[in-house]
Structure formats: C-alpha cells, structure tokens
C-alpha cells in the first residue's frame, strides 16, 4: 500500500502445481493471466501501463512466457531462480534475472533441471545475453553491489543479478527448506520489482 502497488499472486493449477509453458495458442494459463491483467485494470484501478510480472522457478519461466505471449501488456519481467531463453518471435522485453550460482534445482551454469519432465536450464549469463541481443545490446558491465552479489547490466536494461552461493530461493525473503540452498539477505528481489513499477 505504501508503495502504491497492487500485488496479485496467482498459483499454478493441477496436481503438480506447474504452469503450462507450451504453445501460446489456446494456452489456458496465458489466457488466464491476460484476463487477470484486464480485470485488475477495470476493477482495482491498476494502471495497465505499469504491469510487472514476476515469479520464482517455474513461475519465473511462466512470467517470461506470458510476457512474450502478451506483447505490449507487460512493462517488465523479474525472474528469480529461473533462466529461460527468448522464444522465437518474442518481442523486446525489459528483464531482470536474479539467480543464485549454487541453485540445486535450476543450475546457474545450465544443465538438466533436477525435476523430472522439465526442460534443461540454459546458463544464466547466456540467457540474459540472448534477451539483451533482442534490444541490440551485446556488451555489459558487471558491478559488485554486495559481498556476495554482482549485477551485470546491459545498456538496454537487461540485467543478471548473480547471488554467489545463493540457492533456489527468494533473495531478501525468509529462509526456506535448507535443501534449496542459501537465502541471501544482501539483496532484495521484492525491492527490485517495486523499483520497476
């Protein structure tokens, strides 16, 4: 409320609680998120020009997938503990990817996802470089903002926040299951989202 932000937390459905990351035609999850944005603008005074979509893990992948499927309806995307390459035909997108380099589920350096049935994770640095390339940016500057946090920024705005030693967790959030790794207090992913709205 103090920040003038409306936060809405939709949950994936089904027994696996996973999002549908398949084709955009007749994709019920994309249709749901699009209708949600429309409804919030109509009934909750949400500004349709200030929509930021975010998620952690599978939710981060869905945030990017939905933003690509809804061109012009999302101002920015923030992913946490997720790396995803641009899909063919995706438009330019303001994206901030926050990823721990000790993530045991979605490996920072790329490789098989630890969960059965999930696609391999691309390396975080390569994925953000691919997003920057959509905007014609090919060089970046990396700055250390805390002892264990480095931010790689492309001039077009694409960013990779690397949490050294960070796990499959929400930076600045409450620690979760130790098997998911370290939750850093040196960076606040929620504050990053608020700064983009």
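A short reminder: the numbers here are calculations on the coordinates, not readings from a lab. Please read all numbers here as calculations on a predicted model, not as lab measurements. Note: ideal-geometry Cβ built from the backbone for every residue, glycine included; neighbour counts use all protein chains shown.
In terms of other Cβ atoms within 10 Å, 34, 83, 22 run from fewest to most in the order 22, 34, 83. Please state the shape class of the chain: rounded when a/c is under 1.5, otherwise prolate if a/b exceeds b/c and oblate if not, all from the C-alpha gyration tensor. Taking the square roots of the gyration eigenvalues as a ≥ b ≥ c, the chain is rounded.
Counted residue by residue at 0.36 nm each, then reduced by the alpha carbon distance between them, the extension gain from residue 88 to residue 41 reaches 14.0 nm. Of the residues 197, 141, the one with the fewest other Cβ atoms within 10 Å heads the list, and the complete ranking is 141, 197.
Here the relative contact order of segment 126-197, from alpha carbon pairs under 8 Å that lie six or more residues apart, stands at 21 percent.
Shown for 62, 70, 1: other C-beta atoms within 10 Å of each C-beta, ranked fewest to most, produce the order 1, 70, 62. Maximal additional length on extending the residue 7-residue 114 stretch stands at 35.6 nm, based on 0.36 nm per residue less the C-alpha distance.
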